[in-house]
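The values are calculated or read from the model by the stated rules, or taken from the named source; none is laboratory data. If you're wondering where the values come from, they're calculated on a predicted model, not measured in any experiment. With ideal geometry, Cβ positions are generated from the backbone for all residues, glycine too; neighbour counts draw on all protein chains shown.
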């Protein structure tokens, strides 16, 4: 299937590893020019090299998405290089780490830092991209949320920010001011995704028996891969997904309990 995005310009935040890297590569495979930002300079350079090997233009910008100035600098770099942006993938985020204290004693900075890393980062990039999408009357904004943003459980400081990201995409999708410009807003809600050296990989290596017990309770008997999330993201960025707007799509192998 030709996704119809060859020659378009995309930005994937947190695009140097994991889900972000896989999305960037999936877009590049469709002929899309891809910019990525991340904090790790070495990983940025390596991923940009992989993207260029697919015959597309690519730029890498070292940045911390929790810093407003860095967000502005990333967008300026993209616009200075290409003049516009067609596809924005808000992938950078995190803050799901465990803390040793009880919920009521969890320091406020944990809640605020997680909010800044997820919700505010997605909001800032989206607001910067919208004017260009409106001008060209075409755009795709895809935010990588989490299964935990759709359901209860988990760590509340993380869940609430992912729920906010899903709400942001849905609310913007319902705006006539934006949708009439051919811009769609969707979120993807991955379940547990494993890749090299992430928390699931560390758990697998450190506690193989417990890891297997956990897998035995999963509907598919395994965790997901970044590539499986990336395939969906590439479709949502496509011309063929023009009617998909305001959706929050789980990629969890059937783990979620909601319809």
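So which helices (runs of 4 or more DSSP H) are wholly in the stretch 166-259 and hold at least 2 residues that are modelled with pLDDT under 95 and under 25 Å from residue 33 (Cα atoms)? Don't jump to the end; show me each part of the working.
Values: elements: 176-179, 199-206, 208-216, 226-236.
Helices (runs of 4 or more DSSP H) meeting the threshold: 176-179.
In summary, residue 61 fulfils each of the numbered conditions (1) assigned to a helix (DSSP H, G or I); (2) more than 30 Å from residue 203 (Cα to Cα) with the single exception of condition (1). I'd like the full set of residues that are part of a helix (DSSP H, G or I), crowded, with 20+ Cβ neighbours inside 10 Å and either out of contact with any strand residue (DSSP E or B) (no Cβ under 8 Å at 6 or more places or on another chain) or modelled with pLDDT of 95 or more (or both), limited to the stretch 133-147. 133, the sole residue that qualifies.
Take the residues of the stretch 151-175 that are surrounded by fewer than 17 Cβ atoms within 10 Å (Cβ to Cβ) and touching a residue at least 24 places away in the same chain (Cβ under 8 Å): which is nearest to residue 117 (Cα to Cα)? It would help to see each step written out before you state the result.
So the first thing to find is which residues in the stretch 151-175 are surrounded by fewer than 17 Cβ atoms within 10 Å (Cβ to Cβ), and the list is 152-154, 156, 167, 170-171, 174-175.
This time we only want the ones that are touching a residue at least 24 places away in the same chain (Cβ under 8 Å), so: 154, 156, 170, 174.
On the way: 154: 17, 156: 15, 170: 20, 174: 25 Å.
Here the answer is 156.
The C-beta contact set for the stretch 107-126 (first residue farther than 16 Å from residue 69 by Cα, second residue in a helix (DSSP H, G or I) and at pLDDT below 95, distance under 6 angstrom, 6+ apart or interchain) comprises 110/157; 111/157; 114/157; 114/158. Residues being at pLDDT below 95, part of a loop (DSSP other than H, G, I, E, B) and under 18 Å from residue 19 (Cβ atoms) are entirely absent from the stretch 106-118.
Counting the residues of the stretch 38-58 that are part of a loop (DSSP other than H, G, I, E, B) and out of contact with any strand residue (DSSP E or B) (no Cβ under 6 Å at 6 or more places or on another chain) gives 5.
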